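Worksheet: the structure to be examined is printed underneath.
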Amino acid sequence: MKRAAALLAFLLAGCAGDPPSIPAGLTKPRAVLRAWSPAEGEIRVLAVDGIEIGKVSHVYLSAGEHQVTVRWSGGQAVTRDGQVRAGFRAGGTYVVEAEPDGALRTVRFDIVDKGPDYDPECLQQSFFGGRPKGRGC
């Protein structure tokens with residue numbers, strides 16, 4: 001029982017930190033990129049401008065163009081990586097979308113601007129699966 005409590009405390013402490021900022025030390029104004037997606041399969045942002053971000057819910061970015069490295073994992077242990085170069089505006093919130101072909105040979109990645117009024121609850125990923133709890137996710 002003590003091990004389970006210690007593990008839970010460790011997991012919660014790891015989630016309590018601030019999301020990474022690219023470049024480091026970035027202050028407002030900034031853009032927000034959600035680092036995961038509840039789409040069919042699993043979408044994860046692996047790096048921005050070559051900087052690995054780890055398993056975080058979102059990343060703060062400076063306005064301007066960034067290279068985003070993403071991974072889509074689908075059924076039958078199929079995984080596809082890709083890169084998307086996109087422009088980000090200060091105050092905007094962005095999500096990655098993936099569209100695999102019918103044979104799962106290729107995946108087209110896109111970054112979608114959700115605007116400045118995107119519900120912050122939509123950035124948080126549930127540890128137990130399911131969709132985000134925010135409005136309009």
**Asked** Among the residues of the stretch 72-79, is there at least one that is open to solvent by 50 Å² or more (accessible area, probe 1.4 Å), closer than 15 Å to R34 by Cβ and free of Cβ contacts under 8 Å to residues at least 24 places away in the same chain?
**Response** no
**Message:** Condition (residue is modelled with pLDDT of 70 or more and either surrounded by 10 or more Cβ atoms within 10 Å (Cβ to Cβ) or outside any loop (DSSP other than H, G, I, E, B) (or both)) applied to the stretch 3-16: is it met by at least one residue?
**Reply:** no
**Message:** Where the second residue is modelled with pLDDT of 85 or more and among the aliphatic types (A, V, I, L, M) and the first is within 20 Å of D18 (Cβ to Cβ) and open to solvent by less than 40 Å² (accessible area, probe 1.4 Å) and lies in the stretch 117-137, which pairs have Cβ atoms under 8 Å and are six or more apart or on separate chains?
**Reply:** Y118/V32; L123/V32; P132/L123; G134/L123
**Asked** Across the stretch 59-71, which residue is nearest to G91 (Cα to Cα) among those that are of a type outside the set (D, E) and open to solvent by 50 Å² or more (accessible area, probe 1.4 Å)?
**Response** A63
**Request:** Only residues that are assigned to a strand (DSSP E or B), under 13 Å from L33 (Cβ atoms) and more than 14 Å from the chain's Cα centre (by Cα): list them for the stretch 86-107, please.
**Result:** A86, G87, F88
**Item:** Any chance L104 is of a type in the set (A, V, I, L, M) and touching a His at 6+ places or on another chain (Cβ under 8 Å)
**Value:** no
**Prompt:** Does E65 satisfy the condition of being part of a strand (DSSP E or B), over 25 Å from T27 (Cβ atoms) and acidic (D, E)?
**Reply:** no
**Message:** As an exercise: evaluate L46 against (1) modelled with pLDDT of 85 or more; (2) buried (at least 19 other Cβ atoms within 10 Å of the Cβ); (3) within 13 Å of the chain's Cα centre (by Cα) and give the number of the one condition it does not meet.
**Reply:** (2)
**Asked** Within the stretch 88-107, which residues are closer than 30 Å to L26 by Cβ and of a type in the set (A, V, I, L, M)?
**Response** A90, V95, V96, A98, V107
**Request:** May I ask you to verify whether V56 is surrounded by 16 or more Cβ atoms within 10 Å (Cβ to Cβ) and not in a loop (DSSP other than H, G, I, E, B)?
**Result:** no
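The values are calculated or read from the model by the stated rules, or taken from the named source; none is laboratory data. Since the structure is predicted, the reported quantities are computational estimates derived from the model, not experimental observations. Neighbour counts are summed over all protein chains in view; Cβ atoms, including those assigned to glycine, are modelled from backbone coordinates with ideal geometry. In case anyone asks, the SASA skips ligands and DNA or RNA and just uses the protein heavy atoms, side chains included. Shrake-Rupley method; radii C 1.70, N 1.55, O 1.52, S 1.80 Å.
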